[in-house]
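Everything below concerns the one structure shown next.
The values are calculated or read from the model by the stated rules, or taken from the named source; none is laboratory data. Keep in mind the model is a prediction, meaning the values are calculated, not measured. Counting neighbours? That spans all protein chains shown, and the Cβs are built from the backbone with ideal geometry, glycine included. Surface accessibility is based on the protein's heavy atoms, side chains included, excluding ligands, DNA and RNA. Shrake-Rupley method; radii C 1.70, N 1.55, O 1.52, S 1.80 Å.
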Amino acid sequence: MNILVVEDDSVLTDGLQYTLAKSGYSVTCAKTGHYAEQLLDVQKFDLILLDLGLPDMDGLTLLRHLRHRKLALPILILTARDGMNDRINGIEQGADDYLTKPFELRELEARIKALIRRCYGGFSHLITVGRLSLDTENHQVLADGAAIMLSAREYEVLEILMMLAGKVVSKDRIAQRLAADNSEALADNAIEVYIHRVRKRLENYGMVILTLRGLGYLLEIPNES
Ligand code: CA
């Protein structure tokens, strides 16, 4: 997967380049809109990360140019602007998703994966942490290659923990995730109950979910052995 990062902030592009390369993406950076257009003339990319505040043109202008050229690749807008109008304009002009700065690189990675999945079908729908794999397309959990059964909500809890493995995931965030998929109201201690059940299911596979009191939960990334 070739990603074009159109962004003039060197600190951010360095971070993006490092993180995304580590995850197996090939990353090219353009610090201006014009350079991005030149690159797109000669190279094939699978996804664009587009900053709205570029030194030589507005990112939305570049977005219009790209869509005008009938470039079908997914575009994720990175914006420091918090205005609702910018987001709506971006989406209206053909962006597929947006992320407001500052953002967590892990969050960006999760968005990239989701976008790739949406645009290129089955690609990259597997999340693997330790001996556990998640098939996010079929909502299946595999431990050492064999399916383990979880309820829909247990699956959702596990998916968010795995997407953000090694990071603290707040209880609120898990609650939001469950609320988005389900109309049934959550009981007060529901998250604790789901975490407890998922934890039990995973312990045989050396996977540990830590409870960080007052902060949330964290799925440990096991040391490679
Ligand atoms: Ca900028």
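Tell me, what ³J(HN,Hα) does each residue in the stretch 53-63 have, in order and in whole Hz, if you take phi through Karplus 6.51 cos²θ - 1.76 cosθ + 1.60 with θ = phi - 60° and put x for Gly and Pro?
x, 9, x, 9, 7, 6, x, 5, 5, 4, 4
Check M57: other-chain or 5+ apart residues with amide H under 5 Å from its amide H, H built from backbone geometry?
So M57 has HN proximity to G33.
Under a crude label model (7 Å from the Cα following the beta-carbon direction), how far is E104 from D41 in nanometres?
So the two model labels end up 4.1 nm from each other.
Which ³J(HN,Hα) values, rounded to whole Hz and listed in residue order, are derived for the stretch 32-41 from phi using the Karplus coefficients 6.51, -1.76 and 1.60 in 6.51 cos²θ - 1.76 cosθ + 1.60 with θ = phi - 60°, glycine and proline given as x?
For the stretch 32-41, the Karplus-derived couplings read 10, x, 5, 5, 4, 5, 4, 4, 5, 5 Hz, x marking Gly and Pro.
Provide the gained length on full extension for the span D56 to D97, in nm with one decimal, where the gain is 0.36 nm per separating residue minus the Cα-Cα distance. Spell out each step's value before the answer.
Values: separation 41, 0.36 × 41 = 14.76 nm, distance 2.27 nm.
Difference between extended and current length: 12.5 nm.
222 nm [θ] for the chain, helices only, -39500 (n - 2.57) per DSSP H run of 4+, per residue, to 500? Write down the numbers at each step before the final one.
Details: 8 runs with 94 residues, N = 225.
Roughly -13000 deg cm²/dmol at 222 nm, from the helical runs in the chain.
For L186, what accessible surface area do you get with a 1.4 Å probe? Give it in Å², rounded to 10.
60 Å²
For the chain, what percent of Cα pairs sit more than 26 Å apart? All intermediate terms of the calculation are to be shown ahead of the outcome.
On the way: 11014 of 25200 pairs.
So the pairs more than 26 Å apart make up 44 percent of the total in the chain.
Quickly work out the K22-to-A179 label distance, labels modelled 7 Å from Cα along the C-beta direction, and quote it in nm with one decimal.
The two pseudo-label positions are separated by 3.2 nm.
Out of the total accessible area of the chain (probe 1.4 Å, heavy atoms of protein only), what percent is carbon and sulfur?
Details: 5920 of 11770 Å².
Carbon with sulfur: 50 percent of the solvent-accessible area.
In nm, to one decimal, how far is the D188 label point from the K171 one, both placed 7 Å along Cα→Cβ?
For D188 paired with K171, the spin-label model returns 1.0 nm.
Taking +1 at the Cβ of each Lys and Arg and -1 at the Cβ of each Asp and Glu, which of L60, C119, I148 sits farthest along the dipole of the stretch 1-160 towards its positive end, judged by Cα position relative to the Cα centre?
Most positive-ward Cα: C119.
Pull out the extension gain between N2 and N85, defined as 0.36 nm times the separation in residues minus the alpha carbon to alpha carbon distance; nm, one decimal. Before the final figure, lay out the partial values.
Details: separation 83, 0.36 × 83 = 29.88 nm, distance 2.96 nm.
So the chain would gain 26.9 nm between N2 and N85.
Is the C-alpha gyration tensor of the stretch 95-225 telling us rounded, prolate or oblate? Criteria: a/c under 1.5 is rounded; beyond that, a/b larger than b/c is prolate, otherwise oblate.
Numbers: a/c = 1.36, a/b = 1.12, b/c = 1.22.
Rounded, because the longest to shortest axis ratio a/c is under 1.5.
Cα axis of helix 190-202 to longest principal axis of the chain: angle in degrees, 0 to 90, nearest 10?
80 degrees
Let me make sure I get this right: for the stretch 1-77, a, b and c are the square roots of the gyration tensor eigenvalues over alpha carbons, sorted descending. Under 1.5 in a/c it's rounded, otherwise prolate if a/b > b/c, else oblate. Which is it? Write out the running numbers ahead of the final one.
Details: a/c = 1.93, a/b = 1.26, b/c = 1.54.
Judged from the Cα gyration tensor, the stretch 1-77 comes out oblate (a/c at least 1.5, b/c at or above a/b).
Say we join alpha carbon atoms closer than 10 Å with springs in a Gaussian network model of the chain; which of R111, R213, R177 then has the biggest fluctuation?
Ranking R111, R213, R177 by mean-square fluctuation puts R213 first.
Got the relative contact order for the chain handy, in percent, Cα pairs under 8 Å and 6 or more residues apart? Please report the intermediate quantities before stating the final value.
Working: 326 pairs, mean separation 28.3, N = 225.
Reported relative contact order: 13 percent.
Whole-Hz ³J(HN,Hα) for each residue in the stretch 98-104, computed from phi via Karplus 6.51 cos²θ - 1.76 cosθ + 1.60 with θ = phi - 60°, x for glycine and proline: what do you get?
Ordered by residue, 3J(HN,Hα) equals 9, 9, 8, 6, x, 10, 7 Hz.
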